[in-house]
1. Under 8 Å for C-alpha pairs, at least 6 residues apart: give me the relative contact order for the range 9-142, rounded to a whole percent.
2. Just the number: Rg to Rh for the range 49-123, Cα atoms, Kirkwood Rh, two decimals.
3. Suppose each label sits 7 Å from its Cα in the direction of the beta carbon; what would the ALA133-GLU18 distance come out to in nanometres?
4. Could you compute the FRET efficiency for MET94 and SER119, with r as their C-beta to C-beta distance and R0 at 25 Å, rounded to 0.05?
5. Taking every pair of distinct Cα atoms and averaging 1/r, then inverting, what Kirkwood hydrodynamic radius in Å comes out for the range 9-142?
6. Once you list every other residue whose beta carbon is under 10 Å from the beta carbon of TYR62, what net charge do they have if Lys and Arg are +1 and Asp and Glu are -1?
7. To the nearest 0.05, how large is the calculated FRET efficiency for ARG161 and LEU40 if R₀ is 22 Å and r is the Cβ-Cβ distance?
8. Where does each of PHE76, PHE146 land when they are ranked from fewest to most other beta-carbon atoms within 10 angstrom?
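Any read-out appearing in this document is the output of simple, stated calculations on the displayed coordinates, not a laboratory observation. None of these values were measured; they are calculated from a predicted model. Here the Cβ positions follow ideal geometry from the backbone for every residue, glycine too, while neighbour counts run over all protein chains shown.
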Amino acid sequence: MMGACLMSVGKAGTEDIEALVKMRLSYLIEDNGSLDSQHLTAIKRELPGYFQAHLDKDLFVYVIRDGQNIVSCAFFLIVEKPMSPAFINGRTGMVLNVYTCPPYRRRGCARLVMETLLSEAKRMEISVIEVKATEDGYPLYRSVGFEDDGSKYHIMRWKNRDLS
């Protein structure tokens, strides 16, 4: 194990879009095993525009840099919903793309970005935050305060097969 993550966390800006695209692609490739060339081309083409439209509006990306290079990140998407007892002010969040470049893993970087994200979420008065945890990420999320969703609901998904 290398030393602890001694770098500080900041927020990514529009000047970081190219690096965020690379981090997202690295995450997706690692998560999916690979991406077919059609998906890879579409993501590379469309993702910069998405970041341009959403960054610092409803998408906040917390990053750790080594010099100028982003080495760890967590995406935080805010979604406003009609109020309910489950999210009393309607402000909810979703954590996506928690990723640390392999040479920087096991140094506390993901913990640091998640703790910063959660601190900012409190400041923004986010009612509830959701995350889909992999087996590797599950212990981290539990340790920073996430709990298993004991909901009576089934998590389901509809997929537009025309876009696959």
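1. Details: 169 pairs, mean separation 30.3, N = 134.
RCO, the range 9-142: 23 percent.
2. Working: Rg = 14.0 Å, Rh = 13.5 Å.
When Rh is taken as the Kirkwood radius, the ratio is 1.04.
3. In this crude spin-label approximation the distance works out to 3.7 nm.
4. Values: r = 17 Å, r/R0 = 0.68.
Efficiency at R0 = 25 Å is approximately 0.90.
5. Kirkwood hydrodynamic radius for the range 9-142: 15.6 Å.
6. Residues near TYR62 contribute -1 overall.
7. 0.65
8. Taking fewest neighbouring Cβ atoms as first place, the list is PHE146, PHE76.
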